[in-house]
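Here the structure comes first, spelled out in structure tokens, and everything after it is commentary.
The values are calculated or read from the model by the stated rules, or taken from the named source; none is laboratory data. Keep in mind the model is a prediction, meaning the values are calculated, not measured. Positions of Cβ are generated from backbone atoms using ideal geometry, with glycine treated the same way; all protein chains shown enter the neighbour counts. Only protein heavy atoms, including side chains, enter the accessible area calculation; ligands, DNA and RNA are left aside. Shrake-Rupley method; radii C 1.70, N 1.55, O 1.52, S 1.80 Å.
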Amino acid sequence: MSAAKRVQQWATFGRMWYLYDAKWQNPFHSAEKIKKYLSGRSKPIYHPLSDCGDHVVVINSQDIALPGIEWEKRVYFHHTGYAKGASWTLAWELHQIDPTMILRKAVYNTLDKNLLRRGQMARLHIFPNEKVPDKILENISAQMRQVRQVPKRLDHYPEEEVVNFPKIFDWPKEHVIQ
Amino acid sequence: MSGKTWNLFWGSSFVRAPLQNGVGRYVQQLQRITFKFCKTHGGSSGMRDYIEKDLIEFARDNPGVVVYLKPRRHRSPCLKAEYLNGGEEYISTHMQSCEDVRKWVEYMRTRSGYPVERLRKYQHTDHPSIQGPWNPWIHRDPLVNIADFPQEELSAAHEYEKCATEEVLELFKKQKLPVSGGINEHHD
């Protein structure tokens, strides 16, 4: 390969480092999006054998939002392999023990079940808050869009907007709200 | 049942033309053709017929090809073709009719010198990319070059559906009712 073609090869197969903010995001929907970047399917040069996956750095994984009552109902099963080694852990308990685990398991379970999975998981870096090591921060080259719009808190709206919002209904003055 | 597959030991290659033949001018790749036959044996009768009837016409139509005739006693008839890039083709025409020999000669005339191998791809191009090959930094917002991550603008999700709050506000604006003294006061 000539010198010019070599540089073109490095450019085309360059590995990107993406940043993803998991605040207020559904980990399972996020996992579907992250999976595309880890495997390299977002690239037109994709091939399963050409090792074209990117790195994904996820921040704020402690602020993920599970749908509905899943925090109380979702159960993570683990067996150590030894006798009486079965354990059932609820999502909120697991999140307290390790705030990155839920997202990590979500991504692991959505990835294709082949030998490439372990390598793709090694390229996933999850952090519970915004504190990211400098070495990794230096590498980041682009940011992924979030899957879901972050809901805005009522007290974050400007006051006049709240006051002037067209109320459709209000309780009458004598009504006692129990 | 096993389907017909090309044996891996029979070789494979990409589509190619010797010296990019056909891109500009097409040059016939056949260099010389040798007709080996027996003057008396019955197996060469087809070839003898071909030599009597069609050979001179073939030689006239293809002035760039050298035609050799090798009458050999007690030998089965065959055709041997040699090509400009050094490739060779051997076909036995024993017990074949004049028609068959004609078809084989035509087959050899149109071959390039490359051996018959499985084609790995059915297309080849010397210019795979006109605008330049893809790299991960094309079609990307130039903001990423100077941005300090994490960046709010790049992270925010695209809005696809209007939420209920926005719809109510829009309906209200359409009706254009006064803000105070209308809806927002309690009814006693």
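Structural remarks
- With N counted as the residues of chain A, its alpha-carbon radius of gyration over 2.2 N^0.38 Å works out to 1.40.
- Against the main long axis of the alpha-carbon atoms of chain B, helix B:98-110 sits at an angle near 50°.
- A simple rule links phi to the HN-Hα coupling: the Karplus curve 6.51 cos²θ - 1.76 cosθ + 1.60 with θ = phi - 60°, which for segment A:24-34 gives 6, 9, 6, x, 6, 5, 4, 4, 4, 6, 5 Hz, with x for Gly and Pro.
- Karplus (6.51, -1.76, 1.60) ³J(HN,Hα), θ = phi - 60°, over segment A:74-82, in Hz, Gly and Pro reported as x: 6, 10, 9, 9, 9, 10, 6, x, 8
- Segment B:97-147: translational diffusion in µm²/s, Stokes-Einstein, Kirkwood Rh over Cα pairs, 25 °C, 0.890 mPa s: 147 µm²/s
- Protein accessible area in segment A:49-178, 1.4 Å probe - carbon and sulfur %: 56 percent
- When B and A come together, around 2700 square angstrom of accessible surface is lost from both chains combined, probe 1.4 Å.
- Computed log10 I(q)/I(0) for segment A:89-149 at 0.13, 0.22, 0.23, 0.28 Å⁻¹: -0.47, -1.17, -1.20, -1.21, from the Debye equation with unit scatterers placed on every C-alpha and solvent omitted.
- For the protein assembly as shown, convex hull volume per residue from C-alpha positions, Å³: 346 Å³
- For segment B:26-39, 3J(HN,Hα) per residue [Karplus equation, 6.51 cos²θ - 1.76 cosθ + 1.60, θ = phi - 60°, Hz, x = Gly/Pro]: 8, 10, 5, 8, 6, 9, 9, 10, 10, 9, 10, 8, 10, 6
- Within 10 Å of each Cβ in B:132-143, the average number of Cβ atoms from other chains: 4
- For segment B:1-81: Kirkwood Rh in Å [reciprocal of mean 1/r, alpha carbons]: 15.9 Å
- Proximal aspartates and glutamates relative to A:K36, as straight alpha-carbon distance under 14 Å, when same-chain residues fewer than 8 apart are discounted: A:D51, A:D54, A:D112
- Rounded percent of accessible protein surface that carbon and sulfur make up, segment B:111-154, 1.4 Å probe: 51 percent
- For the pair B:E167 and B:E152 in one chain, pulling the backbone fully straight at 0.36 nm per residue adds 2.9 nm over the alpha carbon distance.
- Solvent exposure of the protein assembly as shown as accessible area per residue, Å², 1.4 Å probe: 71 Å²
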